[in-house]
Amino acid sequence: MEEKKGTKCCGGFLAFVLGFLLSVVAGWVLFPGMLYSELDQPIPFSHKIHVEDQGLTCDSCHFFREDGSYQGLPTNEQCSGCHSEVVGQTQAEAKYVQEYVQKNKEVPWLNYQYQPDNVLFSHKAHEPFECTECHPDVAKADKAPKYYENKLSGYSKQTMKMWQCERCHAENGVSNACHVCHK
Amino acid sequence: MHAKEFKIRWGMVIDVDKCTGCGACMVACQVENNIAPVTPEVDAWAGVAYDASNKLRTLNWLTVYEINNKKAFPEYEVAYMPRPCMQCASPACVPVCPVVATDKNEEGGIVSQIYPRCIGCRYCMAACPYHARYFNWFDPTWPAGMAKALSPSTSTRPRGVVEKCNFCHTRFQQAKDKARQEGGDPNSLADGAYNTACAEVCPSGAILFGDLNNPAHKVHALAHSKHSFRLLERLGLGPQVYYYSKREWVHRLGDNYLPNEKKA
């Protein structure tokens, strides 16, 4: 009887270890891939063409309005300043002009840094920082980075998290009071 | 509790003698802060089950109270008192919150309320002597199409959390951004650069808003006037909302005075 009990115990332990390893592999390797869907921008946008070939700067399109609010991603109003008709040779541009400018429809760009409704981020207050301290340096990129959408929350994987905001505020001696960032 | 000191103290002076009780401030507040009007629910059996006339269903950050001097005509007088959150110097609601969803810690002295953090225990509502806090018993519902016209300056609140007036706090942020854009100092805004929706809309100019600590702001002098008083001042919470009236009986209704007691 006692011998039998002993073997039963070890078999259970082995099964536990195997199960544990399986869960670890599933949780660390498989799940993160399953959690995010990989999306592309509706129009393959090349910052390189605009910056290097056309000599635009960041604030040609991403600028502050007169009241200090931030334009963020440009709308058709800005883009059609040059793209009211097809001006280049790329397919992407032709598609943009035909499907969005001529139909007077805004491009549903995927915003890598989209914040929840209860967050108020002021670009103006963060103006002394370089854009690339928070945003990826896309100025020389020919292709827009992949967009990873969290399937559960619907937010972008790249969105800045609250702990990142708090850490930078603390390091720079800026208040971390709730209302500084929340609305 | 020791009150925190702030360089800027946003406050309000409400001239009770000028207020006509029109309620425009309440409407402006609802629009600015995405407070849902109660959508009537129609029941197949009973007809309209409830609408906004059911005051158990309504919610206002700012409420206009009507008071009178309890005298017969021709001495009868009436007055209206708009009641926002008082943004007390030492708020009763803040220390009772078990999850720090409400705090008074930002320059300007506005008592914050963070909805996703609130667990809906309603201790703060029990603590607030001004009844300035409201609980969402139901999810907000907007009439068809109105949800598209929501203001981006305030996040909407779900069922189960407490909310209250925050002096249109996003306008404060926007005023600071504008000051930065124009090369000014965001920490010393000019009088009127930051104004709440209720003060902006008030047709008789009864609600004035500004920095109580800044002598260049109109509210500074008015708050120190002998005609100014605060609601339940003797509780010692130090409200940042002042009322202004030249009528003695209005002053007496601002606190619990005994019938023969002289007002200090």
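The values are calculated or read from the model by the stated rules, or taken from the named source; none is laboratory data. In this text the structure is predicted, and so the values were computed from the model without any measurement. Counting neighbours? That spans all protein chains shown, and the Cβs are built from the backbone with ideal geometry, glycine included. For accessibility, only protein heavy atoms count, side chains too; no ligands or nucleic acids. Shrake-Rupley method; radii C 1.70, N 1.55, O 1.52, S 1.80 Å.
Any residue in the range B:196-207 that is within 28 Å of B:Lys263 (Cα to Cα) and of a type in the set (A, V, I, L, M, F, W, C)?
Initially, the range B:196-207 is screened for residues within 28 Å of B:Lys263 (Cα to Cα), giving B:205-207.
Next, only the ones that are of a type in the set (A, V, I, L, M, F, W, C) stay: B:206-207.
Yes: one or more hits.
Is the range B:149-168 home to any residue that is more than 26 Å from B:Val27 (Cα to Cα) and either touching a Gly at 6+ places or on another chain (Cβ under 6 Å) or away from chain A (no Cβ under 14 Å) (or both)?
The initial filter retains those residues of the range B:149-168 that are more than 26 Å from B:Val27 (Cα to Cα), namely none.
Looking for residues that are more than 26 Å from B:Val27 (Cα to Cα) and either touching a Gly at 6+ places or on another chain (Cβ under 6 Å) or away from chain A (no Cβ under 14 Å) (or both), one finds none in the range B:149-168, hence no.
Taking the conditions exactly as written (surrounded by 15 or more Cβ atoms within 10 Å (Cβ to Cβ) and in a loop (DSSP other than H, G, I, E, B)), does A:Val107 satisfy them or not? Against the criterion (surrounded by 15 or more Cβ atoms within 10 Å (Cβ to Cβ) and in a loop (DSSP other than H, G, I, E, B)), A:Val107 qualifies.
Yes/no matrix, rows are residues, columns are (1) crowded, with 21+ Cβ neighbours inside 10 Å; (2) under 24 Å from B:Lys176 (Cβ atoms):
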{"position": "B:Asp211", "(1), (2)": "yes, yes"}
{"position": "B:His220", "(1), (2)": "no, yes"}
{"position": "B:Arg234", "(1), (2)": "no, no"}
{"position": "B:Ser245", "(1), (2)": "yes, no"}
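Checked against the criterion of being farther than 30 Å from B:Glu182 by Cα, part of a loop (DSSP other than H, G, I, E, B) and within 21 Å of the chain's Cα centre (by Cα), the range A:74-96 has no qualifying residue.
Looking at A:His123, is it of a type outside the set (Asp, Glu) and within 11 Å of chain B (Cβ to nearest Cβ)? Spell out how you get there, then give the answer.
Numbers: of a type outside the set (Asp, Glu): yes; within 11 Å of chain B (Cβ to nearest Cβ): yes.
When the stated conditions are applied, A:His123 passes them.
Limited to the range A:51-70, what total is found for residues that are outside any loop (DSSP other than H, G, I, E, B), within 14 Å of chain B (Cβ to nearest Cβ) and open to solvent by 60 Å² or more (accessible area, probe 1.4 Å)?
Going through the range A:51-70, the residues outside any loop (DSSP other than H, G, I, E, B) turn out to be A:51-53, A:58-61, A:64, A:70.
Keeping just the survivors that are within 14 Å of chain B (Cβ to nearest Cβ) gives A:59, A:64, A:70.
When the remaining residues are screened for being open to solvent by 60 Å² or more (accessible area, probe 1.4 Å), the result is A:59, A:70.
Going through the range A:51-70 one residue at a time, the tally reaches 2.
Taking the range B:91-123, which residues are open to solvent by less than 20 Å² (accessible area, probe 1.4 Å) and away from chain A (no Cβ under 14 Å)?
Going through the range B:91-123, the residues open to solvent by less than 20 Å² (accessible area, probe 1.4 Å) turn out to be B:91, B:93, B:101-102, B:104, B:106, B:108-115, B:120.
Within the range B:91-123, B:Gly120 is the sole residue that qualifies.
The selection criterion, being more than 19 Å from the chain's Cα centre (by Cα) and more than 27 Å from A:Gln158 (Cβ to Cβ), does not hold for A:Val51.
Taking the range B:33-56, which residues are loosely packed, with under 15 Cβ neighbours inside 10 Å and closer than 27 Å to B:His169 by Cβ? Steps first, answer last, please.
Step one: of the range B:33-56, the residues loosely packed, with under 15 Cβ neighbours inside 10 Å are B:41-49, B:51-56.
If the condition is that a residue be loosely packed, with under 15 Cβ neighbours inside 10 Å and closer than 27 Å to B:His169 by Cβ, then B:Ala52, B:Lys55 are the ones that fit.
Go through the residues of the range A:89-98 one by one and say whether even a single one is open to solvent by 30 Å² or more (accessible area, probe 1.4 Å), closer than 30 Å to A:Lys124 by Cα and more than 14 Å from chain B (Cβ to nearest Cβ). Looking for residues that are open to solvent by 30 Å² or more (accessible area, probe 1.4 Å), closer than 30 Å to A:Lys124 by Cα and more than 14 Å from chain B (Cβ to nearest Cβ), one finds none in the range A:89-98, hence no. Pairing residues of the range B:16-31 that are over 12 Å from B:Gly205 (Cα atoms) with residues that are open to solvent by 30 Å² or more (accessible area, probe 1.4 Å) and assigned to a helix (DSSP H, G or I), at Cβ distances under 6 Å and at least 6 apart in sequence or on separate chains, gives B:Ala28/B:Val201.
Out of the residues in the range B:175-197 meeting the condition of being outside any loop (DSSP other than H, G, I, E, B) and either without any contact (Cβ under 8 Å) to a residue 12 or more places away in the chain or open to solvent by less than 40 Å² (accessible area, probe 1.4 Å) (or both), tell me which one is farthest from the other protein chains (Cβ to nearest Cβ).
Let us first name the residues in the range B:175-197 that are outside any loop (DSSP other than H, G, I, E, B), namely B:175-181, B:197.
Next, from what is left, pick out any that are either without any contact (Cβ under 8 Å) to a residue 12 or more places away in the chain or open to solvent by less than 40 Å² (accessible area, probe 1.4 Å) (or both): B:175-177, B:179-181, B:197.
Numbers: B:Ala175: 9, B:Lys176: 7, B:Asp177: 3, B:Ala179: 7, B:Arg180: 5, B:Gln181: 3, B:Ala197: 14 Å.
Checking each candidate, the answer is B:Ala197.
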